[in-house]
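> The following block contains the structure, expressed as structure tokens.
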Ligand SMILES: CC(C)(COP(=O)(O)OP(=O)(O)OC[C@H]1O[C@@H](n2cnc3c(N)ncnc32)[C@H](O)[C@@H]1OP(=O)(O)O)[C@@H](O)C(=O)NCCC(=O)NCCS
């Protein structure tokens, strides 16, 4: 299947569509959490990531509409966010974004994932990440796994 997408750096006009797809994507993962209420927090986090030197890479369709994004800091190898629009799940777009993150952080990546996010856990394990620890998200109090690639 060929994806009609290209990857490009984040631009300020992406903020609302990225928050839309982030909210919709996460609502499927943890329906009990009000992600719409977390939009201001996430909007601020995106700016913090940029200030910290992270790359926000956006997947867009031929009309330049975002359908997914990844946030990765090539300096630390930390992947803080990856999300695709609900309709893009299972399309290969998430792998495309993750492959890009690997390419800009070739010495390795690390990330945390909610234990109660089996789709993401399966996705990372399929893409050659290995579990290296577990703990608790200090903000949500939810159990998390720590994964590494390389
Ligand atoms: C995580 C995310 C980026 C993965 O992208 P995706 O397109 O859904 O991933 P894929 O469909 O390529 O892979 C998912 C895998 O999990 C499997 N899967 C789906 N539902 C599952 C479930 N409930 N339990 C276990 N595995 C599941 C799929 O079958 C597939 O595995 P396979 O290729 O072996 O068949 C996407 O689901 C997303 O945006 N989620 C919301 C945000 C999020 O959770 N981000 C990650 C936070 S760490």
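Values in this text are rule-based calculations from the coordinates and carry no lab data. Just so it is clear, the model here is predicted, and its values are computed rather than measured. All Cβ positions, even for glycine, are placed from backbone atoms using ideal geometry, and neighbour counts span all protein chains on display.
> Residue 61 - would you say it is surrounded by fewer than 19 Cβ atoms within 10 Å (Cβ to Cβ) and within 14 Å of the ligand (Cβ to nearest atom)?
So residue 61 fails the test.
> Here's something else I'd like to know. Given (1) without any contact (Cβ under 8 Å) to a residue 40 or more places away in the chain; (2) within 17 Å of residue 5 (Cβ to Cβ); (3) surrounded by fewer than 18 Cβ atoms within 10 Å (Cβ to Cβ); (4) in contact with a strand residue (DSSP E or B) (Cβ under 7 Å, 6 or more places away or on another chain), where does residue 82 come up short, assuming only one miss?
Exception for residue 82: condition (3).
> Checking the condition within 16 Å of the ligand (Cβ to nearest atom) and under 23 Å from residue 121 (Cβ atoms), which residue from 5, 72 passes? Full working, then the answer.
Values: 5 fails: under 23 Å from residue 121 (Cβ atoms).
On inspection, the qualifying residue turns out to be 72.
> Same structure again: Can you tell me which condition residue 94 does not meet? The list is (1) closer than 17 Å to residue 29 by Cα; (2) in contact (Cβ under 8 Å) with a residue 40 or more places away in the chain, and all the others hold.
All conditions are met except number (2).
> Can I ask one more? Taking the stretch 62-75, which residues are under 15 Å from residue 94 (Cβ atoms) and touching a residue at least 40 places away in the same chain (Cβ under 8 Å)?
Of everything in the stretch 62-75, those that are under 15 Å from residue 94 (Cβ atoms) and touching a residue at least 40 places away in the same chain (Cβ under 8 Å) turn out to be 66, 67, 68, 69.
> Mind checking whether some residue in the stretch 92-104 is under 18 Å from residue 150 (Cα atoms) and part of a loop (DSSP other than H, G, I, E, B)?
no
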